[in-house]
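First up is the structure itself, then whatever we jot down about it.
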């Protein structure tokens, strides 16, 4: 049995699909009871658990040999993950695949890197086998701007530098391999796409694919932070997000990792292919 936390999220949802396609027994975990039936319809077991409920977390882990652990970006995410790791240990889980972020380590200079590193070190000290998947920015994040791109022909660039965007499905596929294959214990997998693209590059791809002139407009730190807070993000988390974005102009998010091809034996998905696949969202 493999337990997947965050089973309706950007990485958890495709991970459930990939694991089922591999023939694995999957228990999908969500905090929203309304999503349970849709998860069951995929052919897996589905349960609800809140990261603040240790008993529910332990039930979600019961009988599982391996788990995939991811949480939303939140001030409490370190405590939430600590609760899940403790529940996994109590339930006899053997191996945890933990989703953190590219560059997370005790030497990290940015807030998210430090937060993620704390959880990584906690898992290392737990006595459980571990694998870290450390992705960069998700291609799926572009869909947050789909309505604006379609309506106004504008892509708002809040990064200001080249980023090696990755498709969340590639993250899920690497995680699935770590959860079902051998030899992934103790490995840290940095995950990026195959190319680093600027906001101007993205606008050019959007223009080509949609057949419309899409303009790249820089988004200031203040406006970016305000937009995230308006969308419901906590102020401290929004501040950490813009801090992370601030390293893009220095080229720190432009590095290319070959992990996807190394682990899966195929190339990582390209942003252009993602935009082609989701073209309708950008032109409606």
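Miscellaneous remarks
- Hits in the range 168-192 (condition: assigned to a loop (DSSP other than H, G, I, E, B), within 22 Å of residue 121 (Cα to Cα) and either in contact (Cβ under 8 Å) with a residue 40 or more places away in the chain or in contact with a strand residue (DSSP E or B) (Cβ under 7 Å, 6 or more places away or on another chain) (or both)): 184, 185, 186
- Search result, residues across the range 210-234 that are part of a loop (DSSP other than H, G, I, E, B) and surrounded by fewer than 16 Cβ atoms within 10 Å (Cβ to Cβ): 211, 212, 213, 220, 231, 232, 234
- Single residue of 64, 99 found to be out of contact with any helix residue (DSSP H, G or I) (no Cβ under 6 Å at 6 or more places or on another chain) and under 18 Å from residue 121 (Cβ atoms): 99
- Test for residue 207: is it at pLDDT below 95, buried (at least 16 other Cβ atoms within 10 Å of the Cβ) and in contact with a strand residue (DSSP E or B) (Cβ under 9 Å, 6 or more places away or on another chain): no
- Looking across 108, 146, one residue alone is touching a helix residue (DSSP H, G or I) at 6+ places or on another chain (Cβ under 7 Å) and in a loop (DSSP other than H, G, I, E, B). It is 108.
- In the range 58-99, the residue that is surrounded by the most Cβ atoms within 10 Å (Cβ to Cβ) out of those that are under 17 Å from residue 186 (Cα atoms) and under 14 Å from the mean Cα position of the chain (by Cα) is 68.
- Conditions (1) touching a helix residue (DSSP H, G or I) at 6+ places or on another chain (Cβ under 6 Å); (2) closer than 23 Å to residue 1 by Cβ; (3) surrounded by fewer than 20 Cβ atoms within 10 Å (Cβ to Cβ): number failed by residue 133: (3)
- Those residues of the range 180-201 which are farther than 12 Å from residue 269 by Cα, buried (at least 21 other Cβ atoms within 10 Å of the Cβ) and out of contact with any helix residue (DSSP H, G or I) (no Cβ under 7 Å at 6 or more places or on another chain), in sequence order: 199
The values are calculated or read from the model by the stated rules, or taken from the named source; none is laboratory data. Note that this is a predicted model, so its numbers are computed, not measured. Here the Cβ is made from the backbone with ideal geometry for all residues, glycine too, and neighbour counts use every protein chain on show.
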